[in-house]
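**Q** Mind looking over this structure? Questions follow.
The values are calculated or read from the model by the stated rules, or taken from the named source; none is laboratory data. Worth saying up front: this structure is predicted, and the values here are computed from it rather than measured. Here the Cβ positions follow ideal geometry from the backbone for every residue, glycine too, while neighbour counts run over all protein chains shown. Heavy atoms of the whole protein, side chains included, go into the accessibility calculation; ligands, DNA and RNA do not. Shrake-Rupley method; radii C 1.70, N 1.55, O 1.52, S 1.80 Å.
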Amino acid sequence: MCESPVVLNKHEVERLLCYDDLIPRLESVMGKFSKRDSSEIIQPVRSVVPIQHHNGFLGVMPAYLAAEGILSTKMVTFYQRAEGSSLPSTQATVLLFHPEHGNVTAIMDGEAITAKRTAAVSAISAKLFSPALSEVLCILGSGQQARSHYDVFTKLFKFKEVRLWSRRKEMAQRFVNDLQGPVTVCGSVKEAVMGADVIVTATGASQPILFGEWVKAGAHIAAVGACRPDWRELDDVLMRQAVVYVDSREGATAESGDIILSGAEAFAELGEVINGSFPAQREKITVFKSLGMGIQDAVSAKLVLEKWKSEH
């Protein structure tokens, strides 16, 4: 007889999911994914259902990691909200299954997992690609992803200055008020990014907001917004002058408007750099285009469940 699944809310997931444990697991699984051994990892490209009447999408992200005994799927909705809306742009739930028996073993909030695993993977990209001397961090956006990126980037790296830009000034101010460290709110994207060593784009933009002419030589951009083939955050100039890295080639060519619409080529997957099969060209402008992967949710959820079981 199957036991009832463990149910964990957002607060519990946030408490149990620690970057120090998560980052090594993400590095490992990204490397394994890029070896393309289908007996080890199965991860289809995300299935997306348009919800046209309400300006939204439903995404389904399954993954099976045979060696780790992880079978999971994340269901995520993402909406382009009207300005001033109090509703979140994304909501998500992750299910873990027993690989042998097929029953659901855990149901957990997916927002916290999405925020933390995305930021952790961006931090891995910055560790590989950012300039050796990185003093200025710029974050474009003020939502949950901006906050999780601030948390992990200021934890892992020693920036002398952190700048923030948001389309909504009241959101930017709320972001700053919630933080411990000093953050400069900038009035324009150009002001925020000029001279920045590391730039995080975590916006709801569907048209370019970051332009190549503003980006300093050798800067690293972690681009985590624009997850649809017709949405963009980065302009053609930036995409064509940068060395572009992705989490998944298949995902990038199907879903990334930044890559599809600019005609840019993906140089390598993050996992290929982790494996040593492609170089990290940190002396050049680099873009890591992050779309998110089911395997990232899978290892994150397994870690959360392990932590929960250790306490019970």
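**Q** Could you please find all residues in the range 68-83 being out of contact with any Lys or Arg (no Cβ under 8 Å at 6 or more places or on another chain) and assigned to a loop (DSSP other than H, G, I, E, B)?
**A** Of everything in the range 68-83, those that are out of contact with any Lys or Arg (no Cβ under 8 Å at 6 or more places or on another chain) and assigned to a loop (DSSP other than H, G, I, E, B) turn out to be G69, Q80, R81, A82.
**Q** Check whether at least one residue in the range 85-100 is surrounded by 16 or more Cβ atoms within 10 Å (Cβ to Cβ), modelled with pLDDT of 95 or more, in contact with a Leu (Cβ under 8 Å, 6 or more places away or on another chain) and not in a loop (DSSP other than H, G, I, E, B), and report yes or no.
**A** yes
**Q** Quick one: how many residues across the range 16-52 are among the basic types (K, R), closer than 24 Å to H98 by Cα and surrounded by fewer than 17 Cβ atoms within 10 Å (Cβ to Cβ)?
**A** 1
**Q** Looking only at the range 61-78, which residues are open to solvent by less than 50 Å² (accessible area, probe 1.4 Å) and in contact with a Gly (Cβ under 9 Å, 6 or more places away or on another chain)?
**A** Step one: list which residues in the range 61-78 are open to solvent by less than 50 Å² (accessible area, probe 1.4 Å), which gives 61-63, 65-66, 69-70, 72-74, 76-78.
The answer is M61, P62, A63, S72, T73, K74, V76, T77, F78.
**Q** Which of (1) surrounded by fewer than 14 Cβ atoms within 10 Å (Cβ to Cβ); (2) assigned to a helix (DSSP H, G or I); (3) not hydroxyl-bearing (S, T, Y) is the odd one out, the single condition E3 does not satisfy?
**A** (2)
**Q** What about F175, is it within 22 Å of R117 (Cα to Cα), without any contact (Cβ under 8 Å) to a residue 60 or more places away in the chain and either in contact with a Ser or Thr (Cβ under 6 Å, 6 or more places away or on another chain) or of a type in the set (G, A, S) (or both)?
**A** Judged against the criteria, F175 is a match.
**Q** Shifting gears a bit: Here are some residues: S28, S39. Which one is under 20 Å from P62 (Cα atoms), of a type in the set (G, A, S) and part of a loop (DSSP other than H, G, I, E, B)?
**A** Values: S28 fails: part of a loop (DSSP other than H, G, I, E, B).
Every option except S39 fails the conditions.
**Q** Sticking with this structure for a sec: When both residues are 6+ apart or on different chains and their Cβ atoms are under 8 Å apart, which pairs have a first residue that lies in the range 19-38 and is polar (S, T, N, Q), and a second that is surrounded by fewer than 18 Cβ atoms within 10 Å (Cβ to Cβ)?
**A** S34/N275; S34/S277
**Q** Can you tell me how many residues within the range 286-312 are open to solvent by 20 Å² or more (accessible area, probe 1.4 Å), among the hydrophobic types (A, V, I, L, M, F, W, C) and not in a helix (DSSP H, G or I)?
**A** Of the residues in that region, 0 qualify.
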